[in-house]
Amino acid sequence: MSELKTDPVLNTQHQTAPERAVAELLVNALQLEVAADSIDPEMRLFGEGLGLDSIDALELALAITRAYGFELRSDDQRNHQIFASLRSLTGHIEAYRTR
Amino acid sequence: MARVTASATGPDLQPLTDRAPGAVLFCRHGRPVTTAAFLHDALTLAETLPDAAGHMINLCRDRYAFAVAFAAALLRRQPCLLTGDRSEAGLATLAQRFPRAYAAAEDLGTGPLPGCPVRPAGEAPATAPQVPRIPARQLAAVVFTSGSTGAPVPHNKLWGALVARSQAAAAQFALDADRPSTVVGTVPPQHMYGFELTVLLPLHAPAASWCGPAFYPGDVNAALTAVPAPRLLVTTPLQVRALLRAGTGLPPLQAAISATAPLDRDLAAEAERHWQAPMLEIFGATEVGSVASRRTLDGDVWAAYPDVVVQQDTEAATVSAPWAEPVALADHIETLDARQFRLLGRRTDLVKLGGRRASLSGLNRILLGLDGVADGVFVVPGDLEQRATARLMAVVVAPRRSPDSILAELRGRVDPLFLPRRVVCVDALPRNELGKLPQGALLALLARHDMPA
C-alpha cells in the first residue's frame, strides 16, 4: 500500500483499501449521490470537489467515531489538513483509530 | 490618536457593559477574562483601528477576539458587519457595497480586503478603565439575510436594541446575579443567535461565555467540563442530535437552549432525560433577534420576552422590540394574549438550513441568470430541517450545459449550504398554462429521475 501512495501516477487515481473504506463511510453517512470508488483520493472534500459543508462535518465526525472509535476535536490545529481530502482524512483515521 | 471619547451621560447613552470590574465576562484558554481586562483590550484595539474606515467586517473566529473587535469598532463608531460567508466572492460583494470596509481577524490571510489584526491579551490592567457609554441610537452592527433577489439584505442593529436583547434574555431565563451562569455556545459569533447569546449577553447579564472550540460533541463536553456551574449550553437542533447520538456524557446543566430550527419533541425529551436539565428553545429572527422562548416539552406555546410585543396583523405577524423597527415575521402566528403565541407555519419562500436562511425565489433567480439555463428550479426536500443529510436539489433545462458546470457556476453565487446536492437536467419543467410549477407535477418529474423530494 505504501508503494501505491508514493507512485505519482497512481496517486490521484486509485484508492487504497483504507481509503476505499473511508469513501464508503462518507457516501453512506452523508447519503452522497456518488459512487464510493469514484472519489479521487486527492480531491477536496469541502467547498469545491465533493462540496461538503459544516453540517456534513458534524455528521461525518459521528460516523467516524462510530466506525473507528475515536473522537474528532476542533481544537486540533490540523483539522483543515485532516479534512482536506479522502487521503488526508484516511491517514488521520489510520493513525488514531481504536478499532 | 485617541478618538475614543470618555464617558458622557444622558438618557440615551448605554454603557459598553454594566458588569463589575472584577466580574468574569469570558472564559478563554481555561482562564477567566474580567470586565476590566475586556475594557482594556477593547480600548487598546480601538486606538489602532484604521482611520476613516466605514465598517469593520468582523471575521474573528475566537469569540473573545470577536467581542473585543466588536467593542473596539463600537467605540470608534464603526458598525460591525457580520457575515457567515467568508468566501472571496462573498467578501468582495460586501466590499462593493461598503467601499470603506476592512476586515478584522486574528490572522489575516490574503483576502481581497484591507485588514486589521485582532490579538487581545485578556489581561487585567493595574487600574480598571472607566466604562465608555455609547449612544443607544448608534449603529452597532449590520447582519444579513438573503433576500428574494438573491442578494444579501442588510439589517441594522442599534446599540440600544442589542443591550435590550441581553437584558430581556437575563429576565426571561432568570439568570442569577449572585450566581452567574457560564454559556458554552456552539453557534458562530457572526450568527445573530450566537452574537446575542455568546458575545453580547455577558456585557449586560450575569453570564460568562466560553471562548474555546465547541463544535464536535467531544469539544462541547470538554468545554462544559472546563467551566464552573451553572452551565448553559447554547446550541442548535443539529448539535443536540449529534451530542445525543455520540453518547457523549455532559456535566450537569442549568439548561440547554436550542434555536435556528424547530427542535423535534422526541429529541427534546431525550435531551432532558440524558442531561437532567430543561431543554429550552428560543424563537427569533435575524431582523429582530431573540424574542420568545419555550420549554419544548411544555407544548407549542411561546412566551415573548418581557420587552417584546408580538402582533398578528391581517398580512403578517409583526414583532416589536426596543430600539428596533417592527418587523414582519417569516412565520404565521396565532396570538393567545399579549405575551404568548403559537407558530402556525412558515411563509413559503423561505428555506432554512444550518441556521442560515435563503429565499427560494432568490435562489431560483440566480439559477435562471446562469448562461444557457433556459428554465430551472430549486427543490426543497420535505424533511430538510429534520434530516442532517438532506440538501436542496435543482432541476434545470439547459440543453448545452452539464449538471457539473451548472453546479460549479452556482458555487461562487450561492451560500455553500444551499448549493444543490444534485443537479438534474431535463428537457422541460412541467409548468402549467400560468407558468407555475404545480408541486404534484414537479414531484412526479423527480420520481421519474429517481430523486425523492
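Read the figures in this text as sums done on the coordinates, not as results from a lab. Keep in mind that this is a model prediction, so the values were computed, not measured. Heads up, the Cβs are rebuilt from the backbone with ideal geometry, glycines too, and the neighbour counts pull from every protein chain shown.
Okay, here's what the table says:
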item	result
With eigenvalues of the C-alpha gyration tensor scaled by 5 and rooted, the range B:89-141, Å	29, 19, 6
For a label point 7 Å along the Cα-to-beta-carbon line of B:Glu270, residues of the range B:227-256 with backbone N under 20 Å	B:233-253, B:255-256
Inter-probe distance in nm under a simple model that places probes 7 Å from Cα toward Cβ, at A:Arg66 and B:Asp298	3.4 nm
Theoretical gain in end-to-end length, B:Ala441 to B:Ala408 [0.36 nm per residue, Cα-Cα removed]	9.1 nm
Per DSSP, loop trypsin sites (Lys or Arg not before Pro) in the range B:59-98 with at most 15 further Cβ within 10 Å	B:Arg61, B:Arg77, B:Arg86
Cα-centre dipole for chain B with unit charges at Cβ (Lys and Arg positive, Asp and Glu negative), debye to 20	540 debye
Rounded to 5, percent antiparallel among DSSP beta bridges of the protein assembly as shown	60 percent
Positive dipole terminus of the protein assembly as shown, leading residue within B:Ala141, B:Leu343, B:Val234 (C-beta point charges)	B:Ala141
Magnitude of the charge dipole, the range B:1-140, Cβ model with Lys/Arg +1 and Asp/Glu -1, debye to 20	200 debye
Point-charge dipole on Cβ atoms (K/R +1, D/E -1) for the range B:385-453, about Cα centre, debye to 20	80 debye
Full-stretch length increase - B:Thr389, B:Asp371 - with 0.36 nm per residue and alpha-carbon distance subtracted	3.5 nm
For B:Tyr216, distant residues with modelled amide H under 5 Å away	A:Ser74
In order through the range A:83-99: 3J(HN,Hα) via Karplus (6.51 cos²θ - 1.76 cosθ + 1.60), integer Hz, x for Gly, Pro	8, 5, 8, 4, 5, 5, 5, 5, x, 5, 4, 4, 6, 10, 5, 10, 8
Shielding by partners - mean other protein chain Cβ count within 10 Å, residues of A:64-71	3
Percent of beta bridges antiparallel (DSSP, chain B, rounded to nearest 5)	60 percent
Low-density loop cleavage sites - trypsin sites (Lys or Arg not before Pro) in the range B:209-300, where at most 14 other Cβ are within 10 Å (DSSP)	none
Exercise: per-residue mean of other protein chain Cβ atoms within 10 Å, B:416-423	3
Virtual paramagnetic centre 7 Å along Cα→Cβ of A:Glu48, amide N under 19 Å, in the range B:398-422	B:402-421
Alpha carbon centroid spacing (whole Å) that separates the range B:251-322 from the range B:330-401	22 Å
Total formal charge among the other residues, if their Cβ is under 12 angstrom from that of B:Ile57, Lys/Arg +1 and Asp/Glu -1	+2
Relative pair counts by distance (%), Cα atoms of the protein assembly as shown, 10 Å bins	3, 17, 27, 27, 18, 7, 1, 0
Whole-Hz couplings from phi, Karplus 6.51/-1.76/1.60, listed for the range B:127-133; x for Gly and Pro	10, 5, x, 5, 7, x, 10
Linear extension gain, B:Thr225 paired with B:Arg137, 0.36 nm per residue minus alpha-carbon span	27.7 nm
³J(HN,Hα) computed for each position of the range B:291-302 - Karplus, 6.51 cos²θ - 1.76 cosθ + 1.60, integer Hz, glycine/proline x	10, 7, 8, 7, 8, 3, 6, 6, x, 9, 8, 9
Mean shadow area of the range B:333-453, taken as a quarter of the surface of its Cα convex hull (nm²)	9.2 nm²
Low-density loop cleavage sites - trypsin sites (Lys or Arg not before Pro) in the range B:332-383, where at most 12 other Cβ are within 10 Å (DSSP)	B:Arg347
Computed [θ] at 222 nm, deg cm²/dmol, chain B (DSSP H ≥ 4; -39,500 (n - 2.57); rounded to nearest 500)	-7500 deg cm²/dmol
